[in-house]
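Take a look at the structure below.
The values are calculated or read from the model by the stated rules, or taken from the named source; none is laboratory data. Note that the coordinates shown come from a computational prediction; the quantities given were computed from them, not determined experimentally. So basically every Cβ, Gly included, is an ideal-geometry build from the backbone, and we count neighbours across all protein chains shown. Accessible surface is based on the protein model in full, side chains and every heavy atom, while ligands, DNA and RNA are left aside. Shrake-Rupley method; radii C 1.70, N 1.55, O 1.52, S 1.80 Å.
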Amino acid sequence: QVQLVESGGDLVQAGGSLRLSCAASGSIFGNYVMGWYRQAPGKQRELVATITSGGIANYADSVKGRFTISRDNAKDTVDLQMNSLKPEDTAVYYCNVAAQWFGRKFDYWGQGTQVTVSS
């Protein structure tokens, strides 16, 4: 069973920075995309950023220019560097692995880590 362990969530002031980390354990077969999602109270979970095994990143418009996603394929880790944080970034952030192998799809989620940005 693949497990995702997150760390880095914290309470920060607006304009500050935070770095989230996610470490995957267990075997993940085939090509897979790693990413970060977030969910604020009363809202649906939304995509923040994803990155392919080849290093191609995709960002939500709301975080472009402020957040940077990166991964280390050898270590099976994915990080999210968050700069210029805003109160609207407050949410529970979830690490995600979306794998595909011989037509089979696998989706794994971390436990979530709270990010709170105060004014």
- prompt: Restricted to the stretch 97-108, and to residues that are surrounded by 14 or more Cβ atoms within 10 Å (Cβ to Cβ) and aromatic (Phe, Trp, Tyr), which residue is modelled with the highest pLDDT?
  reply: Tyr108
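From the list Asp72, Asp76, which residue is acidic (Asp, Glu), at pLDDT below 95 and on the phi > 0 side of the Ramachandran plot?
On the way: Asp72 fails: on the phi > 0 side of the Ramachandran plot.
None of the others qualify; the one that does is Asp76.
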query: When Tyr59 is evaluated against the numbered criteria (1) closer than 24 Å to Val2 by Cα; (2) under 12 Å from the mean Cα position of the chain (by Cα); (3) open to solvent by 40 Å² or more (accessible area, probe 1.4 Å), which criterion, by number, is the only one it fails?
result: (1)
- prompt: Within the stretch 78-96, is there a residue that is open to solvent by 80 Å² or more (accessible area, probe 1.4 Å), out of contact with any Gly (no Cβ under 6 Å at 6 or more places or on another chain) and either hydroxyl-bearing (Ser, Thr, Tyr) or without any contact (Cβ under 8 Å) to a residue 60 or more places away in the chain (or both)?
  reply: yes
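Assess whether Ser53 counts as being part of a loop (DSSP other than H, G, I, E, B) and either open to solvent by less than 50 Å² (accessible area, probe 1.4 Å) or among the hydroxyl-bearing types (Ser, Thr, Tyr) (or both).
It is true that Ser53 is part of a loop (DSSP other than H, G, I, E, B) and either open to solvent by less than 50 Å² (accessible area, probe 1.4 Å) or among the hydroxyl-bearing types (Ser, Thr, Tyr) (or both).
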task: Please give the strands (runs of 3 or more DSSP E) falling wholly within the stretch 1-40 in which 1 or more residues are open to solvent by less than 70 Å² (accessible area, probe 1.4 Å), modelled with pLDDT of 95 or more and among the small types (Gly, Ala, Ser).
output: 3-7, 18-25, 31-39
task: Could you give me the residue pairs with C-beta distances under 6 Å whose first residue belongs to the stretch 41-62 and is farther than 14 Å from Val78 by Cβ, whose second residue is of a type outside the set (Ser, Thr, Tyr) wherever it lies, and which are 6+ apart or on separate chains?
output: Arg45/Gln39; Ala60/Leu47; Ala60/Val48
- request: For residues that are in contact with a Phe, Trp or Tyr (Cβ under 8 Å, 6 or more places away or on another chain), assigned to a strand (DSSP E or B) and polar (S, T, N, Q), scanning just the stretch 67-113, find the one that is nearest to Ala24 (Cα to Cα).
  value: Asn96
